[in-house]
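Notes follow once the structure below has been shown.
The values are calculated or read from the model by the stated rules, or taken from the named source; none is laboratory data. Bear in mind that the values here come from a model prediction, so they are computed numbers and not experimental data. Don't worry about glycine lacking a Cβ; one is built from the backbone with ideal geometry, like all the others, and counts go over all protein chains shown. For the accessible areas, the whole protein counts, side chains as well, though only heavy atoms, and no ligand, DNA or RNA atoms are used. Shrake-Rupley method; radii C 1.70, N 1.55, O 1.52, S 1.80 Å.
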2 protein chains.
Amino acid sequence: MNGRFSIAMHIMTLLCADARLQSSDYLAGSININPVLVRKELSNLLKHGLINSQLGKNGGYSLAKPAKEITIASIYKAVKPNAILGQAKNEPNPACPIGKQINNHLKTLDADIERVMVNKLGDTTLAEFYKKFD
Amino acid sequence: MNGRFSIAMHIMTLLCADARLQSSDYLAGSININPVLVRKELSNLLKHGLINSQLGKNGGYSLAKPAKEITIASIYKAVKPNAILGQAKNEPNPACPIGKQINNHLKTLDADIERVMVNKLGDTTLAEFYKKFD
DNA sequence: TTGTAATGTAATAATTTTTATTACATATTT
DNA sequence: AAATATGTAATAAAAATTATTACATTACAA
């Protein structure tokens, strides 16, 4: 996985900290990455119904619902990679009895792990996460 | 995370399937990646005490202990990334109250998740994983 | 004791992925 | 109508991953 989860959490925390509309430039300034990347992630969070946006002058972004109704799991799901345990790029040798089957078995293992993770992340809300900041 | 876990699992499964010494070239052929990459991962697994190697002609690799004593968690630990949830490359803006603290809080979250994952992966042994193959 | 086949590892190149940048259309407020 | 923001496409730059080449070292076996 890349830095997308961190970025999404950072965005959501900033929106949680101030209910007013926040611009992508301001968010990018706190995260310290390119504004276009932030807008791309905002666009994804929007698609997943986690935030609202307002076009035009004085526009910006805000949480789509109260922070105590947003689980960390829902944020994770919005940015989740194909495989949490990672996957090799190459097709294993189909002539090898192990190679032929291993990807399926690894996929099953990965699904098991993800279930446990999402379960754990579902225990915490954005509001609880935000409480840790002083 | 990259493909290292997949590769390590593939190596370990192949060694589990045949107790005789296996060469890195043979392993690379089944995985279908460059033999040098395989040797690098073998060198890492060796360092973690999961496998044995034998130098010289007719040399190769074998499991360091019975497959039923090797947990998937121990294989994961040998290749585990810094942060399972990923991390952004940039330092957040220290002038921002959220930016200043978020990395610490994300690190805590990550540690929680990893604990749950390793717990789950500790339930299964290589022998059990191998049983799934026909 | 010499040839062969294997591990072990360093250096470098190629490829892929991620991140940054530029540009501009569209929307909304003042 | 001007200003400021979202939204998005196209491209460039940087970083990470994977592949390749090269070769030293070890051990078996003829």
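Couple of notes before you dig in:
- Enumeration of residues in the range A:44-58 that are surrounded by 12 or more Cβ atoms within 10 Å (Cβ to Cβ) and within 11 Å of DNA strand C (Cβ to nearest atom): A:Ser53
- The residues listed here are B:Ile70, B:Ile84; of these, the one that is of a type in the set (A, V, I, L, M, F, W, C), closer than 19 Å to A:Leu106 by Cα and touching an Asp or Glu at 6+ places or on another chain (Cβ under 7 Å) is B:Ile84.
- Residues within the range A:87-115 that are open to solvent by 40 Å² or more (accessible area, probe 1.4 Å) and under 14 Å from B:Lys120 (Cβ atoms), tallied: 4
- Count of residues meeting criterion [without any contact (Cβ under 8 Å) to a residue 12 or more places away in the chain and either more than 7 Å from DNA strand D (Cβ to nearest atom) or part of a strand (DSSP E or B) (or both)] in the range B:48-61: 1
- Residue in the range B:31-42 that is farther than 22 Å from A:Lys107 by Cβ and either touching a residue at least 60 places away in the same chain (Cβ under 8 Å) or in contact with an Asp or Glu (Cβ under 9 Å, 6 or more places away or on another chain) (or both) present: yes
- Single residue of the range B:18-35 satisfying the filter (aliphatic (A, V, I, L, M) and more than 19 Å from A:Glu91 (Cβ to Cβ)) that is farthest from the other protein chains (Cβ to nearest Cβ): B:Leu21
- Out of A:Ile72, A:Ile84, sole residue that is buried (at least 17 other Cβ atoms within 10 Å of the Cβ), closer than 24 Å to A:Met12 by Cβ and modelled with pLDDT under 95: A:Ile84
- Subset of the range B:17-36 [more than 9 Å from DNA strand C (Cβ to nearest atom), surrounded by fewer than 21 Cβ atoms within 10 Å (Cβ to Cβ) and either of a type in the set (Asp, Glu) or closer than 22 Å to B:Lys80 by Cβ (or both)]: B:Asp18, B:Ile33
- Taking the conditions (1) near DNA strand D (Cβ under 8 Å from one of its atoms); (2) hydrophobic (A, V, I, L, M, F, W, C); (3) surrounded by 16 or more Cβ atoms within 10 Å (Cβ to Cβ) in turn, A:Met9 satisfies each one other than (1).
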